[in-house]
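Worksheet: the structure to be examined is printed underneath.
The values are calculated or read from the model by the stated rules, or taken from the named source; none is laboratory data. Please read these numbers as outputs of a predicted model, since none were measured by experiment. Cβ sites come from the backbone with ideal geometry, for glycine too, and all protein chains shown count toward neighbours.
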Amino acid sequence: MIRSRMFCMHDSLCEDPAIGSAAAALRCEIHQGIEMGRPSVIYTAANGDIEPGWVTVGGQAIVVGKGTLYLP
């Protein structure tokens, strides 16, 4: 088990509770968001048999926001 943290420079969000792209290269079970009170578990695995260099990132999620983006 690995614990990771991902910080960002935006005023409204200083830390992301679960960012799979930041930890995907670790290829194991990653615990994140614990320090900010939003614990998350991310599972990663190498899928080189599908296509070289591919990694799968997964876990469970709870919707905390929802929206629609309209593009011209």
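Specify the residue that is farthest from the chain's Cα centre (by Cα); the eligible residues are those in the range 38-72 that are more than 14 Å from Cys28 (Cα to Cα) and among the hydroxyl-bearing types (Ser, Thr, Tyr).
Result: Tyr70.
How about the range 1-71: which strands (runs of 3 or more DSSP E) wholly inside it have at least 3 residues that are modelled with pLDDT of 80 or more and surrounded by 10 or more Cβ atoms within 10 Å (Cβ to Cβ)? Outline the logic, then answer.
Details: elements: 2-4, 29-32, 40-46, 55-58.
By residue number, 29-32, 40-46.
Give me the pairs: first residue in the range 43-72 and touching a residue at least 40 places away in the same chain (Cβ under 8 Å), second residue among the aromatic types (Phe, Trp, Tyr) and assigned to a strand (DSSP E or B), beta-carbon distance under 7 Å, and six or more apart or on different chains, which are they?
Qualifying pairs under 7 Å: Gly59/Tyr43.
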